[in-house]
Amino acid sequence: MTDSNLPPLQPMPADWQRALAVVAHPDDLEYGCSAAVASWIQDGREIAYVLATRGEAGIDTLAPAESGPLREKEQRASAAVVGVRVVEFLDHRDGTIEYGISLRRDIAAAIRRHRPELVITLNHHATWGSGTWNTPDHVAVGRAVLDAAADAGNRWIFPELAEQELAPWNGVRWVAVANSPNPTHAVPADRGLEQAVLSLLEHRAYIETLTDEDPETYVRRFLTDSTSAHSARFGGKPAVVFELFSR
Ligand SMILES: [Zn+2]
């Protein structure tokens, strides 16, 4: 089935004020959905970022002790470009994040701290579609985010969080999975695209290890291609796509 045979992508819900994005690595949100984040913040919404790692295993030529602080700095700068001021790190280990109780607890704690109505994460499926294998970190974090959205609201699952004065938060109404191979919803990418380009460009040290191409040319082409991939299902318009799970 080609993309145009699939049903149209629905607009994302608009009746929310606070979102929390939880992903595995620096750059996941910039490759994944920052054009949507930029337009939401332009509309006055509040969004915070939580990263499971500092991406310290992401640059082959740089040891983790040097790479982690560099990538954290690039992540904070790229968040600032789209207007996100709160960026937190859970300090799981890049490349070997384990799906399990400790990850669910850390994400549930973040959800209780920020009390979002919308939680955003990156594709947790085994592939990106089209035969491209996903990484274990994305799978572990995405699944744990979907689970922690419920854990955060149950006072009996992680009672130790209440002792840290993190009261249950059962207000997550949706979890939106960016770049899922099974998208159901979309946000127009036009208004946030320029900020998204500048935001991804802040990961310059990382990008320079990926390609010999001029970083801006590479970033602009990547985001133009990725936001047009599903436009046949969204009135021909560039879009950031999500698989939306309601709660
Ligand atoms: Zn990643």
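Taken together, the values in this text are just the output of simple stated rules run on the coordinates, not laboratory data. All values derive from a computational prediction rather than experimental measurement. Cβ placement follows ideal geometry from the backbone for every residue including glycine, while neighbour counts extend to all protein chains displayed.
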Cα extents of the chain along the principal axes, largest first, in whole Å, come to 49, 45, 36
Restricting to DSSP loop positions (anything but H, G, I, E, B) with no more than 16 other Cβ atoms inside 10 Å of their own Cβ, which GluC sites (Glu not before Pro) remain in the stretch 153-193?
E165
Bridge orientation stat for the stretch 16-246 from DSSP, antiparallel percent rounded to 5, came to 35
Sorted on mean Cβ neighbours within 10 Å (highest first), peptides 140-148, 176-184 come out as 140-148, 176-184
Sorted peptide list for 8-17, 227-236, criterion being average Cβ within 10 angstrom, highest first:
227-236, 8-17
